Each structure stands twice: as C-alpha cells, then as structure tokens.
Amino acid sequence: MNNFKFIASNFRTDGDFYSFTPYGSGHIHTTFLLTTQSGRNFNKYILQRFNARVFREPEKVLANTKMITAYLGERTKTGKRGMSYLSMVPAFDNNYWYRDEHDQYYRCFQFIDNSITLDKVDTPQQAMEGAKAFGNFLVALSGFEPCDLHITIPDFHNIQKRLNDLQDAANSDDLSRRRHAGDEISKVGEMRGIASEYLAVHQILPVRVTHNDTKINNVLFDADTGKGLCVIDLDTVMPGTILSDFGDMVRTFTSLSAEDERDLSKVLFRPEIFNALAEGFLEETEGILSQAEKNNLILGGKLIIYMQAIRFLTDFLAGDVYYKTDYPDHNLVRARNQLKLLDSFLEHEKEATDILESLFMEL
Ligand code: ADP
Ligand code: GN1
Ligand code: MG
C-alpha cells in the first residue's frame, strides 16, 4: 500500500492519494484504478505496471503512445463528436513513466469517466458501436505516417514467425507439455492454407497505422448510452494491415463465448453480430478502404483467429510465459477455443462473404 502510494506520488495527478484497486481484465499489464481526493471531489486514474517482458523497450512504447495521443488530441478539436481519446498523465520528472528501483515501469492515464468495458459482446448494437470506435480510430490515424512509429513488438502479426515459434516450442518441449497438445498441433498444421493465402496477398495491401489489438475489451463504452467512447491499449499501434484490425474484431466480437470458454459447444460464430460489426466498421472506414482490402476482410478474420490459436498454443508449450493465466492449462483451453471458433467461422464463410457483399452494395 505505502509502496503503491509512493508510486502514485510520482505522477502529476490532482488531489491526495485516496485508494487503489486492481482493475480490468487485460492479459498483459497489471492495471489499477487509482483514486485521489481533492476536498469533496474524487479523481480517477488508471495506473499500470508495465509488462516489460512483452514490450522489451518500454520507452519506445510510451513514445508511440505519446505521439498518437497528442495527434488524436489535436484532431479531436475538429474530429467526430462524442469520441474521447486517451490522455497520459506525466510524471514529475516530465517523463511519461516512473521507473522503480527494480526497473519496473509504471504509467498513468486519465480515467475515462462513466465508461465500461465488455469481455463479450451480447448485442448487435454493442458490436456496431465497438466496430465504429475502432473504425473511427483507423480513419483518425490515416494521416499519421506509419514509419514515424517505433516497432514495439517485432513480427507481431507475422504468421510465418508465429508458426516457426510454435514449431520451436513443440520441438524443445521443455515442460513435457507436448503430449497434451498433439491434436491441436496437428490441427494447426492442417490449417496452414490460411497462412499461405495471407502470404500470397499481403503485399498488395496498403501499410497503415493499425491498432493490432482490437479486442472487445480494448474499447470503452459510455455506461449510459452504450455508445463507443474511446479506443484504449495503444501499445501495439504500429504499421500493419487492416486485416489485423478487422480480423481481431471478428475473433473477439462474434464468438458466443469468451476466449477461454472450455465447453466448445458454446464457442460459435454469430452471423448477426458479424453483420453489425461489419456495418459499423464499413460505415466509418468505407472512404479509405482499397478494393484489395475489401476483398480480403474475411481472410483477416481467418488469419487472426488462426494466429491467436497458435499464440496461445505456443505459450502453453513454453510454460505460460507471455499471457497471464489462472490455472495450468489455461492457454491450452484458449487455444482449443480459438480452433473451434475458426471451424465455426469457416462453416459460415459463405454467409459472412454474402453479408459483406450486400453491405458494399448499400454503401
Ligand atoms: P492490457 O494490455 O493488459 O489489456 P489495457 O491498457 O487494455 O491493458 O487496460 C486494461 C483494462 O483497464 C482495460 O480493458 C479497461 O477495462 C481498463 N482501462 C484502461 N485504460 C482505461 C482508461 N483510460 N479509462 C478507463 N478504463 C481503462
Ligand atoms: C493480449 O493486452 P490485451 O489483453 O488487450 C495480446 C493480444 C492478444 C490478446 C488475446 C500485446 O491483449 O495480442 O490478441 O491478448 N496483447 C499483446 O486475448 O500481445
Ligand atoms: Mg487490453
């Protein structure tokens, strides 16, 4: 507690320290809600212990976040009403981080008030609003030069690299876990065509500033109106293709169940949610999309679900060194879940393609 109070005291927050509590359900950082008190008023902040194992060069991530939030902040003056953008709270030494004696990094954001996050989409309206928020974010950054950003995780959405990493983890099998994951490893091999399909087209896709982590709980919703309010978790904003952002929405919005649901009969692609997400996304991004991007949105869904299964499986084999886990086979459960979702999406591929076609006609 005292230690936390000291950490918080390094940031230029208003008021006096009041409380802190663990917050949110992200897989990477350790997030707290920090409350301070100014007289009768309470002020809220998000204070995060940064995961430097995942992001090896924290200062580059923070430099990116600063550039992006400043750019978006400027743009809000003329941008779409109703959207908020993240705002960082500087430390007293004017850096955007505090580094403790163990080289742990902390950072602080203004808490976006009256907001909620969802770990699962329940209604088409939520899907539409979430997709609009991510679409708006892409459009807002379409004038930002991708090369100006640091690469915060090299090869983040490089499918060939992800396949190689899985192979390496399976070969070394340091924890003798491979025997539990034989079926899943084989299944990844059988589905390799998805990687080939992507590798055959990716060169014709424009390189943009993309978010690269458009999961449903990385958008804040207005607690009263349910409208998309703010895109958060900007650590992986890097040069990329739109397939990543559309794909990760397909992955996290359309599934009937959370990504760690063990009962695979509940892991099902929902076409009506896909329809709503595609409609919201296209409404925002239609003006900037190339024909090649439109033609390959479905491939984005397949690619990102496939890649996520590979990433969870690799982490299971490597001993849960990347994602936070709550129990020993959590990553294996997640990998199975994603492979089931991929099957379900592939069963509906024709339907999803038809939905997109009819949306393109309406635009
Ligand atoms: P991780 O990389 O671990 O997912 P996030 O930056 O996404 O970390 O933060 C974790 C959670 O904290 C989010 O899912 C959200 O619930 C909450 N959160 C993060 N930033 C804010 C903010 N500025 N205002 C309100 N809630 C936030
Ligand atoms: C992580 O940080 P969070 O929880 O929003 C991960 C994503 C994965 C996701 C799977 C930096 O996202 O790439 O898709 O978990 N973030 C990083 O749920 O690896
Ligand atoms: Mg997150």
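The values are calculated or read from the model by the stated rules, or taken from the named source; none is laboratory data. Just so it is clear, the structure is predicted and the values come from calculations on it, not from any experiment. Note that we place each Cβ from the backbone using ideal geometry, even for glycine, and neighbour counts take in every protein chain shown. Keep in mind that these areas ignore ligands, DNA and RNA; they rest on the heavy atoms of the full protein, side chains included. Shrake-Rupley method; radii C 1.70, N 1.55, O 1.52, S 1.80 Å.
Give the cross-link partners of Lys227 among the lysines, using a straight C-alpha distance below 20 Å as the criterion and excluding same-chain residues fewer than 8 apart.
Lys77, Lys80, Lys120, Lys132, Lys215
Can you work out the accessible area per residue across the chain, with the rest of the protein chains kept in place, probe 1.4 Å, in square angstrom?
45
For Ser257, what residues show an amide H to amide H distance below 5 Å, using hydrogens built from the backbone and excluding near sequence neighbours?
Leu268
Hey, what D do you get for the chain in µm²/s if you plug the Kirkwood alpha-carbon radius into Stokes-Einstein at 37 °C and 0.692 mPa s?
In µm²/s, the coefficient rounds to 154.
I'd like the FRET efficiency for Ser265 and Arg12, computed as 1/(1 + (r/R0)^6) with the beta carbon distance as r and R0 of 41 Å, rounded to 0.05.
Plugging the Cβ-Cβ distance into 1/(1 + (r/R0)^6) gives 0.20.
Shape of the stretch 8-111 from its Cα gyration tensor (a ≥ b ≥ c, root eigenvalues): rounded if a/c is under 1.5, otherwise prolate when a/b > b/c, or oblate?
Oblate, since a/c reaches 1.5 and b/c is not below a/b.
Quote the relative contact order of the stretch 124-362 in percent (integer), defining contacts as alpha-carbon pairs under 8 Å separated by 6+ residues.
Computed value for the stretch 124-362: 29 percent relative contact order.
For the chain, what % of the accessible area comes from carbon and sulfur atoms, probe 1.4 Å?
48
Please report the spacing between the Cα centers of the stretch 165-234 and the stretch 44-122 in Å, no decimals.
Using only Cα atoms, the two centres lie 23 Å from each other.
For Ala52 and Val201 in one chain, what is 0.36 nm times their gap in residues minus the Cα-Cα distance, to one decimal in nm?
So the extension gain works out to 50.3 nm.
Note down the nm distance, to one decimal, between modelled labels 7 Å out along Cα→Cβ at Tyr327 and at Thr117.
With each label placed 7 Å out from Cα toward Cβ, I get 2.3 nm.
If amide hydrogens are placed 1.01 Å from N in the peptide plane, which non-local residues have theirs closer than 5 Å to the one on Asn43?
Thr36, Gln37, Ser38
Could you calculate the FRET efficiency of Met67 with Gln160 from 1/(1 + (r/R0)^6), where r is the beta carbon distance between them and R0 is 30 Å, rounded to 0.05?
E between Met67 and Gln160, to the nearest 0.05, is 0.55.
Let me check I have the definition right: for the stretch 174-259, take the eigenvalues of the Cα gyration tensor, multiply each by 5, take square roots. What are those semi-axes in whole Å, largest first?
29, 21, 13
First measure r as the distance between the Cβ atoms of Ser176 and Glu74, then evaluate 1/(1 + (r/R0)^6) with R0 = 56 Å and state the FRET efficiency to the nearest 0.05.
0.55
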